[in-house]
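The values are calculated or read from the model by the stated rules, or taken from the named source; none is laboratory data. Everything numeric in this text was worked out from a predicted model, so none of it was measured. When we count neighbours, we look across all protein chains shown, and the Cβ atoms used for this are built from the backbone with ideal geometry, even at glycine. Note: accessible area is taken over every heavy atom of the protein model, side chains too, but ligands, DNA and RNA are not part of it. Shrake-Rupley method; radii C 1.70, N 1.55, O 1.52, S 1.80 Å.
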Amino acid sequence: MRRELAWTLAGLALLAAFPAWPTAATAAPTGSGSPDPFYLGLLRDGRIAHDRADYVTAAKDLRLACFGLLNEPPALTDCLVRLAVAQGAGNDVDGFRETFRRIAEVEDRFGAYGKLQLPPEIRTAFEQRLVVLIPAATLETIPVWKPLLQTKAEVQIAALPPKERRKELESRLAKEPRSLTWNLLAAELELEEGKAGPAITHAEQAAATAPQDPRATCLRGLTRAYGRRCQEALADLEPCPLVPRELPYATALLGCRVELGAWRKAEEQVRSLTPEQKADRRIAALMQQVTQHASSPPSTAQPPPGTPPDKPAQPAPSTRPVPPAPAAGSPIPMGPPAPAAKPAPEKPTPEKTVPRPLTSPESAALERARRLLAADASTKDLKEALRLAHEVADAHPESKEAQYLAGEAAYRNSRWTDAVTAFRRGGEPGDDHPELLFYLAVSLYEAGDRPAAAAALKRSLPKLQKTPYIDGYVRRILGPEAAP
């Protein structure tokens, strides 16, 4: 309470003293005085708030902390950069531009930015926002940021729709196959479209080109996690600096730990998750598996000699593939893998699980999703259908109706691995559902499992009305000789 009162009084005093941010000209020369511990405490609190993705609190603490560092241009620049990153992450565009103007004023007089020892992820986040939010004409006039103009092409390509982005990236990769930038963007695009195999290829090329670049190694770990290569993924994800802050990486790491039965490390990670991460539905599903394991009686079976602690000798294979990433800019979720197989009791007493009936709102959600899929839906409507169906499917894994509708919605959204997950969770469709079998076959093929795709497609064809679209996939999956 005393600290909050002090914070408030200090804030009012500073606002009275500085109705607007002071210009660089008012800053005293470096070393003219030591910063007050109060402001250093705010700087620390702002950094902590940023690390836990509480960007509003981070911006509030950092903005006030920066006032107390006016006599120390290097520390002031560090503080302002962190403030700008928090504002950018919180989508405060006007705040970011105003803070950049103050950074530019300090840079013009002291040239502090180029000498800063900023963490790579902070510098990258700041500069990525610069090229998007600050006009090129402005950056061109400031030597330290002029090289950033070369990244404009990267930003512009990343903003293109998927089809145009793919065409542009294929053209650039044909000329520069080892390019770090184009391989990173290509890997992200493949993940966005649920194609784990090609995503891994591009991410591995990027990491081979720049083995010390955390962006490349982190993305390689993410793609390997989506490709169910969790043992390899852990080597990249465990040291990844993006895991504590970014949902896709945190989810992938936790998912792989659950997949491999690394329960102790999974429990440690769960305790370190931010409230925003815990609110994610797939993180919540993984947390539930971790909790169930912690509450179950320990097995008396001893692992074979040499087995690493906390990991089974041979992880039980899962039939539940990892869902693909959503559109760029949104979190990339990793679906919960199947829990490791538990030892069977000495005297099995199988009990039939009674499916929980759908509630009225859940039934209404499925019906709305079904109507959206039946109509000539827009991209927005298809995404809404996917959201509705998946929420019910995740709440009712035993409901074949919900799983099949979620699988169809994922197929219609080109979320191939999500579609495979849903269809398999509900039990692969029978021969009396040729359309669903075809959806499954296409999803398996696009997710990189051509043999399974061929088996499902062959089952669907006898009862499926032929169209040019279907014939195209017949040629791609079964080979040209199988097409009519």
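What to note about this one:
- Failed condition for Leu234, given (1) modelled with pLDDT of 90 or more; (2) buried (at least 24 other Cβ atoms within 10 Å of the Cβ): (2)
- Condition check for Arg224: at pLDDT below 90, of a type in the set (Lys, Arg) and under 17 Å from the mean Cα position of the chain (by Cα): no
- Selected residue (criterion: surrounded by the most Cβ atoms within 10 Å (Cβ to Cβ)) from residues of region 448-484 that are part of a helix (DSSP H, G or I) and among the charged types (D, E, K, R): Arg459
- Cβ pairs under 6 Å, 6+ apart, first in region 186-199 and surrounded by 24 or more Cβ atoms within 10 Å (Cβ to Cβ), second among the charged types (D, E, K, R) and outside any helix (DSSP H, G or I): Gly194/Arg415
- Listed conditions (1) polar (S, T, N, Q); (2) in contact (Cβ under 8 Å) with a residue 40 or more places away in the chain; (3) assigned to a helix (DSSP H, G or I) are all met by Ser414, apart from (3).
- Taken as a whole, the condition of being part of a helix (DSSP H, G or I) and touching a residue at least 60 places away in the same chain (Cβ under 8 Å) applies to Ala225.
- Verdict on Arg282 being in contact (Cβ under 8 Å) with a residue 40 or more places away in the chain, among the charged types (D, E, K, R) and touching a Gly at 6+ places or on another chain (Cβ under 8 Å): yes
- Looking only at residues of region 413-447 that are touching a helix residue (DSSP H, G or I) at 6+ places or on another chain (Cβ under 7 Å) and polar (S, T, N, Q), we find that the one that is surrounded by the fewest Cβ atoms within 10 Å (Cβ to Cβ) is Asn413.
- Selected residue [assigned to a helix (DSSP H, G or I), open to solvent by less than 50 Å² (accessible area, probe 1.4 Å) and among the small types (Gly, Ala, Ser)] from Ala203, Ala137, Ala174, Ala208: Ala203
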